[in-house]
2 protein chains.
Amino acid sequence: MPRPLRTRSPDTAARILDVAERLVQRRGFNAVSYADVAKELKVTTASLHYHFPGKAELGRALMERYAERFCAALEEIERTHAEAPGRLRAYSTLYLRVLEQDRFCLCGMLAAEYQTLPEDMRQAVIRFLDDNETWLTRVLDEGRREGSLRFTGSAADVARAVISSLEGAMLVARPYGDTSRFEATADQLVASLTSGHPEPA
Amino acid sequence: MPRPLRTRSPDTAARILDVAERLVQRRGFNAVSYADVAKELKVTTASLHYHFPGKAELGRALMERYAERFCAALEEIERTHAEAPGRLRAYSTLYLRVLEQDRFCLCGMLAAEYQTLPEDMRQAVIRFLDDNETWLTRVLDEGRREGSLRFTGSAADVARAVISSLEGAMLVARPYGDTSRFEATADQLVASLTSGHPEPA
DNA sequence: GTCTATAGGCAGATAGAC
DNA sequence: GTCTATCTGCCTATAGAC
């Protein structure tokens, strides 16, 4: 049963993160100010500093929540897709959904800005990439053992190539404002790993 | 025969662009200020404004020179490499050289920051990507006709996938400070297009 | 061409009232 | 928790001397 309504909104910190996340994914961390976020939420920057003492803390929270949600999405994919090729397609669809919202992957954006980031955020970027690589490596390995995927070399190397390819495809698609550019590359990528196995519609 | 030494340095504008280019490729356009560039050159920001009235003009000049040099490098590749596979490898090496200098592709960096860029710079980013795609498409098409390359689908789609893959591999390699991460992905990419043809050492 | 000096604005951040 | 008010510093940019 839901709790009775409270005086304050359900979770102000979460709403701050929502706005900040969207802005950072579109413009980059360095191009987003407390004032930008505060303006959209119709509060003052002082109020933001109450919830997140500094931009470094805000950024860290941003990346942590993003990674948590992404990991949850990966688990969801494993529940809903039994086969490796389906899991790969679902994985690339996660990226597509972000692009469709006119956003770039938060991790990709922060990777570009990496050299200007505080240490906490840097570690969060690395962790996100490592988690993705670990998950993909497992999917690729299982797919190869089952015979549903085909590739040469180590699964970890291919996992890195998949991440690179999808991040790069997003990066390049955005200036054109054309999601089909991303889809074409993603489809090629999945097809190259499932050669010999027909793609479902 | 070289002209006699002049009172002023060979080309101040070029030296400004050199410093700005390096800083932007490392930190991003939004994270580089006139003061940063001026400090390295030991001049004042006012002097910078003499050569480039505003940051937008500086950015445009930056991207234009970068594209010119890149196109020149592509022509050089065609002169020095007769076969498509060699041209592809040389192309990926262009990216590697940038990464080795602890930089990201200027175009990739600006693609990430695209939504915050002035119109002139946006057009320059698109032009750069289009030029790369055109060149790669030609190389891929010729390679397939000669039989030295193998891939399915349109050469233009594969060209886009190659660009995405290399840009993404650079993006992801930088947080790790590990050029071998890039090389592994680039090698996989070239190998996947030259299957059936042994790689030279 | 480069300087000093400065304008005007926005950045991140804090103190203290309510 | 959110506000007003304010601080300090950096940003892009310009005027005018040299």
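All but one of (1) facing chain B (nearest Cβ under 7 Å); (2) closer than 21 Å to A:Val24 by Cα; (3) surrounded by fewer than 19 Cβ atoms within 10 Å (Cβ to Cβ) hold for A:Val172; state the number of the condition that does not hold. Failed condition: (3).
Collect the residues in region B:150-167 that are of a type in the set (Gly, Ala, Ser) and without any contact (Cβ under 8 Å) to a residue 12 or more places away in the chain, keeping them in residue-number order.
If the condition is that a residue be of a type in the set (Gly, Ala, Ser) and without any contact (Cβ under 8 Å) to a residue 12 or more places away in the chain, then B:Gly153, B:Ser154, B:Ala161, B:Ser164 are the ones that fit.
In this structure, is B:Ala161 within 13 Å of chain A (Cβ to nearest Cβ) and in contact with a helix residue (DSSP H, G or I) (Cβ under 7 Å, 6 or more places away or on another chain)? So B:Ala161 fits the description; yes.
The helices (runs of 4 or more DSSP H) located wholly in region B:75-156 that include 1 or more residues which are at the interface with another protein chain (Cβ under 10 Å from one of its Cβ atoms) and closer than 30 Å to B:Glu57 by Cβ occupy B:106-112, B:119-146. As a summary of the residue check, A:Thr7 satisfies the conditions (1) modelled with pLDDT of 95 or more; (2) among the hydroxyl-bearing types (Ser, Thr, Tyr); (3) over 21 Å from B:Thr116 (Cβ atoms) except for the one numbered (1). Scanning region A:33-42 for any residue that is within 20 Å of B:Arg27 (Cα to Cα), of a type in the set (Gly, Ala, Ser), outside any helix (DSSP H, G or I) and within 13 Å of DNA strand D (Cβ to nearest atom) turns up at least one such residue.
For region A:43-77, the candidate set comprises residues that are among the acidic types (Asp, Glu) and surrounded by 14 or more Cβ atoms within 10 Å (Cβ to Cβ); within that set, the residue that is nearest to DNA strand D (Cβ to nearest atom) is A:Glu57. Listed by first and then second residue, the pairs linking a residue in region A:19-31 that is in a loop (DSSP other than H, G, I, E, B) to a residue that is among the polar types (S, T, N, Q), with Cβ atoms under 7 Å apart and 6 or more places separating them unless they lie on different chains, are A:Gly28/B:Asn30; A:Gly28/B:Thr116.
The values are calculated or read from the model by the stated rules, or taken from the named source; none is laboratory data. All of these numbers come straight from a predicted model, not from anything done at the bench. Positions of Cβ are generated from backbone atoms using ideal geometry, with glycine treated the same way; all protein chains shown enter the neighbour counts.
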